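Laboratory data are not the source of any read-out in this text; all were calculated from the coordinates shown. Note that the coordinates shown come from a computational prediction; the quantities given were computed from them, not determined experimentally. Heads up, the Cβs are rebuilt from the backbone with ideal geometry, glycines too, and the neighbour counts pull from every protein chain shown.
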Amino acid sequence: MRCEEIRVCIVRVGGTNCDAETKRSFEDLGVKAFVYHFNEVLQGIDLLDYHILVLPGGFAYGDYVRAGVIFAKNFMARIGKKIMRFVDEGRPMLGICNGFQILVESGLLPGINGVSEHPEAALATNIPIGYRCGWVYLRHENNGKCVFTRLIPKGRVLRIPISHAEGRFLLPTVRGEEILNKLLENDQIVLRYSNENGEYAEGRYPENPNGSFYDIAGICNPEGTVFGLMPHPERAYYGWQLPDWTRMGKPPKYGDGKLIFESVVQYVIRKF
């Protein structure tokens, strides 16, 4: 498949943000990207006409009840069969920040034994409590399974911003160790919070900005085609988005976020 033939569907609802930035990032790589309100999807937009599905950041439906849960239940109840077919065909799905919360609440992630009826993890209120908006360091942990990070060497440190109040990744108290071992065994852990030298945060604030278990910032499903992360790669796509580029004299052309978009585009080119 040629790059210009790739079609990306970005789904938004009330409270979504950064859909335009996400669209622009894909378009910079030469692919066609479209933003649709969820109502338009319900009224006839066929997800299977697209190669990549994205749930961007924000606060869908105001994040009432808890972050992402209303959209997640609506999403799976109304178009769940289409979503399942999309995933079964190996079409990549990306959840950024609120999108990650939606993927977890819908049971698509972690997805160790397939899509679960009830969430197997949670993205809870930050510890320390409060909204966080700033740049963090992330160590790439994946061995190559995740199609969104295949162009990133294992161990490389990325610099990408976060923007959330509920990003603390948690596993159930009773089965947490068991699930963590499965995530490690399946190569599902993709990004962990670290310092700029790549040393794990080990729960320390501010390197770990929200208290996430095992410093987890992003995971994928066992097939590597569904990826959720709390940081915003679309806000680190261009070099001029870096907070300190003026110290460099002039900004680099691109930031680390580009690697995530570029990786999935290359995957689709080869697969389809």
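Over the chain, Cα pairs under 8 Å with separation of 6+ residues give a relative contact order of 19 percent.
Under the criterion of Cα pairs below 8 Å and six or more residues apart, the relative contact order for region 19-90 equals 24 percent.
Just subtract the alpha-carbon distance of Val65 and Glu178 from 0.36 nm times their residue separation and send over the number in nm, one decimal.
Numbers: separation 113, 0.36 × 113 = 40.68 nm, distance 2.80 nm.
Contour length minus Cα-Cα distance gives 37.9 nm.
For the pair Glu4 and Lys73, a Förster radius of 41 Å applied to the C-beta separation gives a FRET efficiency near 0.70, rounded to the nearest 0.05. The reciprocal of the average 1/r between distinct C-alpha atoms defines the Kirkwood hydrodynamic radius, which for region 94-224 equals 14.6 Å.
Modelled spin-label separation between Asp46 and Lys81, with each label point placed 7 Å from Cα along the Cα-to-Cβ direction: 1.4 nm.
Protection proxy ranking for 54-62, 144-152, using the average of other Cβ atoms within 10 Å per residue and placing the highest first: 54-62, 144-152. Mind scanning Lys32/Lys271; Lys23/Lys253; Lys145/Lys253; Lys154/Lys250; Lys145/Lys182; Lys154/Lys182 and naming the pairs with a C-alpha gap bigger than 21 Å? Long pairs (Cα-Cα over 21 Å): Lys145/Lys253; Lys154/Lys250.
Here the calculated FRET efficiency for Val115 and Arg156, from their Cβ-Cβ distance with R0 = 22 Å, stands at 0.10, rounded to the nearest 0.05. Above 28 Å, the calculated P(r) of the chain contains 27 percent of its Cα-Cα pairs. Let me test this: with uniform point scatterers at the alpha carbons of region 187-272, what is the Debye-based log₁₀ I(q)/I(0) at q = 0.13, 0.16, 0.20 1/Å? The Debye formula, applied to the Cα set alone, gives -0.54, -0.79, -1.07. Considering only Ser25, Ser106, Ser116, the mean-square fluctuation computed in a Gaussian network model of the chain, springs between alpha carbons under 10 angstrom, is largest for Ser116. If both residues of a DSSP beta bridge must be in the chain, then about 60% of such bridges are antiparallel.
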